[in-house]
Amino acid sequence: MAGTVGELAGLVAAGDAVVLSGAGLSTESGIPDYRGPSGAMRRSTPMTYQTFTGDAAARQRYWARSHLGWRTIARAHPNAGHRAVAHLQQRGLLSGVVTQNVDGLHQAAGARDVIELHGSLDRVVCLNCGDLLSRDELDRRLRQANPDFDAAVTAINPDGDVDLSDSDVDRFRIVDCQTCGGGMLKPDVVFFGETVPAGRVQECFALVESARLLLVLGSSLTVMSGRRFVLRAAKLGIPVAIVNQGPTRGDGYAALTVDAPLGTVLPELVRLLDLSGVAA
Ligand SMILES: [Zn+2]
């Protein structure tokens, strides 16, 4: 049911909360949420694993867009919501942070031991030999292979790619794994049509099962990947609190919902908890 930030503070004050965050937490850092209020801005459909691995032209398009989009992701700064989560963790009120985001902004704000459910854009994996390399390293190699590539960035979406013309895409050269000599490189993120590694899912379930509160921040819980943790908490009688702009598919399971911008709610939550001296 709809509640106030004060009521939310009462739940968080008990400690042992597990945060589950989604794209809505990063919109105020300039990374739009394609399922949220700004969803209409999205012009392309998300890449699927099947398309990425099975269609060379689609892969070239992905990397051309992603090469430009990465500059925006790499430049993005954590916002007041990310900083509030890090603060709650430093105050000892959180027993875990799970994020569906692939932008690294929780960690940039100072949060530790963040479980990146869908991976991270700052790593790249070879699908042949499993070698991992940093996105910065790939960025250097892509710049070398495309010294004159300079297309206008017109839009960016949460996958970290941008819209580009066909002629821009056609002249973009992708690179392969140097370790095994030719393996297909893929960002170390979970694409649509791909499953989250089982060990990572179990780690999250274990956190949720021992939590006193599941605190959902900025996720519409559209995909089962995140919603299953809400269902598990509800089944075990662990209260769920949801802060999101707009309705979510978890609202029916929530003890408390706050429908407001996270950059406003979370600093207010921190202020109320600091005032009450919880865990000081
Ligand atoms: Zn390789």
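Quick notes on this one:
Yes or no, residue by residue, for (1) of a type outside the set (Ser, Thr, Tyr); (2) under 18 Å from Glu116 (Cβ atoms); (3) within 16 Å of the ligand (Cβ to nearest atom):
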residue	(1), (2), (3)
Cys180	yes, no, yes
Gly183	yes, no, yes
Arg200	yes, yes, no
Glu203	yes, yes, no
Ala206	yes, yes, no
Val216	yes, yes, no
Leu221	yes, yes, no
Ala234	yes, no, no
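- Within segment 178-202, being out of contact with any Ser or Thr (no Cβ under 9 Å at 6 or more places or on another chain) and under 16 Å from Arg228 (Cα atoms) holds for Pro197, Ala198, Gly199, Arg200, Gln202.
- Of the helices (runs of 4 or more DSSP H) lying entirely inside segment 54-127, the ones with 1 or more residues being in contact (Cβ under 8 Å) with a residue 40 or more places away in the chain and open to solvent by 10 Å² or more (accessible area, probe 1.4 Å) are found at 56-75, 80-90.
- Residue selected from segment 136-151 under the condition of a type outside the set (A, V, I, L, M), assigned to a helix (DSSP H, G or I) and more than 16 Å from the ligand (Cβ to nearest atom), by the criterion least open to solvent (accessible area, probe 1.4 Å): Asp139
The values are calculated or read from the model by the stated rules, or taken from the named source; none is laboratory data. All figures in this text were calculated on a predicted structure; none of them were measured in a lab. All Cβ positions, even for glycine, are placed from backbone atoms using ideal geometry, and neighbour counts span all protein chains on display. Ligands, DNA and RNA are excluded from the accessible area calculation, which covers all protein heavy atoms including side chains. Shrake-Rupley method; radii C 1.70, N 1.55, O 1.52, S 1.80 Å.
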